[in-house]
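Notes follow the structure.
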Amino acid sequence: MRTRAVLRFTRFRMRRHPSAKTTAAARCLNPGCDWHSTPPGNADECSDMCIAHTGRTGLLTFVREFSEVAVVERVQ
C-alpha cells in the first residue's frame, strides 16, 4: 500500500479591520529635541502637530509611525 499526499492550498488576505481606525504618532529627529505627538491620533492630526512644531522651532525632520488593527480572512 502506498501513501499519497494531498496538498490543498488556501488563499488568505490581510486587511484593516472594518471597525478599526489607523492611528499615527510622530517624534522630532533633531538631536536634542525630545518633542513627540501625544496622544496618538489620526494621520491628519499627527501631520498638523508636526507642522505646528516646525512653525515654532524651524525643525523639519520627523519619524512617523502608523498602526492599525488588521484581520486575516480566507479568500473564497
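The values are calculated or read from the model by the stated rules, or taken from the named source; none is laboratory data. As the structure is a computational prediction, the values presented were derived from the model and not from experiment. All Cβ positions, glycine included, derive from the backbone under ideal geometry; neighbour counts span all protein chains shown. SASA here: full protein model, heavy atoms, side chains in, ligands and nucleic acids out. Shrake-Rupley method; radii C 1.70, N 1.55, O 1.52, S 1.80 Å.
General observations
- Nearest-ten-degree value, helix 43-57 long axis tilted from longest Cα axis of the chain: 30
- Computed on the chain, with alpha-carbon pairs under 8 angstrom and 6+ residues apart, the relative contact order is 46 percent.
- Inter-site label distance for E68 and A5 at 7 Å from Cα along Cβ, in nm: 3.6
- The chain - charge dipole about Cα centre, Lys and Arg +1 at Cβ, Asp and Glu -1, debye rounded to 20: 960
- Probe 1.4 Å, accessible area per residue of the chain, Å²: 87
- Sites L60 and R15, calculated FRET efficiency, Cβ-Cβ separation with R0 25 Å, nearest 0.05: 0.15
- Its alpha carbons considered, the chain gives a radius of gyration followed by a Dmax of 21.6, 79 Å.
- Accessible carbon and sulfur surface of the chain relative to its total accessible area, %, 1.4 Å: 53
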